[in-house]
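Heads up, the thing below is written out as structure tokens.
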């Protein structure tokens, strides 16, 4: 399936948010996916992942997750400086800012002739957490979270009652949770905590742990695992196709 890519700059309560859109070249209405990057924003690997999903029949929206804290178009490097800046941005942005970002994208989608009204979310690393956060929105019907960081911590600034796990009962869609067992950012006790919170909330979810490191989906660097990538995409596309089709 051929795809097309373009950019929109959306107004949010915390400033203009550049959003990259990758969608099929078709006259048919299609479902959409809110796709969240790592702390580095839309790097090459994130853009390729978004275009891969778009090629399977979805309009994929990739927001600049730290738009309040950087010039429009910022992409951080996969190096020490980029990691330090991205982690500083993560610690500086209030979690409620992601909620207003989600609303801005959802309201934009509702006005698009090419959108069929079915919405999912997905993301890698901090983007896995932000996809989980997007699932709080009632329109989101299916969400794939890859090695979602900081669901088990308080690194992201939260007001009382606003931590993503404190609002877990608001999730109504299906969840797909994928983890690497050799991921030092989400150790076993952290994964166990998230698992039991999801069980207690009686969410509709599947849970997969693989022998993989953090960022195994990123097709750059020595942690990339092509076999796990294939499995991860297969699980994701099966869920999205079943729920959003």
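Is there a residue in the stretch 223-242 that is in contact with a helix residue (DSSP H, G or I) (Cβ under 6 Å, 6 or more places away or on another chain) and either at positive phi or surrounded by 17 or more Cβ atoms within 10 Å (Cβ to Cβ) (or both)? No, because not a single residue in the stretch 223-242 is in contact with a helix residue (DSSP H, G or I) (Cβ under 6 Å, 6 or more places away or on another chain) and either at positive phi or surrounded by 17 or more Cβ atoms within 10 Å (Cβ to Cβ) (or both).
In the stretch 59-143, counting only helices (runs of 4 or more DSSP H) that sit wholly within it, the ones holding 1 or more residues that are under 19 Å from residue 244 (Cβ atoms) and in contact (Cβ under 8 Å) with a residue 12 or more places away in the chain span 95-110, 126-134.
Of all the residues in the stretch 66-89, those that are in contact with a helix residue (DSSP H, G or I) (Cβ under 6 Å, 6 or more places away or on another chain) and closer than 19 Å to residue 35 by Cα number 3. Counting only residues that are within 13 Å of residue 210 (Cα to Cα), in contact (Cβ under 8 Å) with a residue 12 or more places away in the chain and either over 19 Å from the mean Cα position of the chain (by Cα) or in a helix (DSSP H, G or I) (or both), the stretch 176-198 holds 3 of them.
Read-outs throughout are calculated quantities, based only on the coordinates presented, and are distinct from any laboratory measurement. Source: prediction; values computed, not measured. Please note: Cβ atoms are built from the backbone with ideal geometry, for glycine as well, and neighbour counts cover all protein chains shown.
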